[in-house]
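Below is one structure, written out as structure tokens; the observations come after it.
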Amino acid sequence: MFKPDNPFCRVILRPSYVYKGIFLHIPRCFALRYLNGVDGIVTLQVSEGKKWPVRCIYGQSSWKFSKGWAEFVLDNNLDEGDVCVFELISTKEIVLKVTIFRVLEDGVAVNQL
């Protein structure tokens, strides 16, 4: 079973996270503990090392990724039902390593990036 060494959260991608609107809401418990006070650019990084700057905004007691998230979605061919694991690998400049699990319609994971 996949388990990162650093603090992490998992997000199952909903239609609004990958299609129209394209915002990603960060789980509140993770954001409060590890992103508290962050209102600006964070870096998303995949295992191959490629990085994307993404705007993290706080509002109405929640955190979400906005500007830059759509580019990350498109560049990584994310789709509804995929699972992203966000692992906090740097707190000085917030860097989240993203591991992607793709899911078939029957719910079986097919690959990991």
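FYI, it's all coordinate maths here, none of it is from the lab. Not measured: the values here are computed from a predicted model. Ideal geometry is used to build each Cβ from the backbone, glycine not excepted, and the neighbour counts take in all protein chains shown.
At-a-glance table
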quantity	calculated
Stokes-Einstein D in µm²/s, Kirkwood radius over Cα pairs - segment 8-112 at 10 °C with 1.306 mPa s viscosity	115 µm²/s
Dipole moment magnitude, nearest 20 debye, the chain about Cα centre, only Lys, Arg, Asp, Glu C-beta charged	400 debye
Relative contact order, percent, the chain [alpha-carbon distance under 8 Å, six or more residues apart]	29 percent
Segment 87-99 - phi-based ³J(HN,Hα) in whole Hz, Karplus 6.51/-1.76/1.60, Gly and Pro as x	10, 6, 10, 8, 9, 5, 10, 4, 10, 10, 7, 10, 9
Within the chain, helix-based [θ] at 222 nm, where runs of 4 or more DSSP H residues each add -39,500 (n - 2.57), nearest 500	-3500 deg cm²/dmol
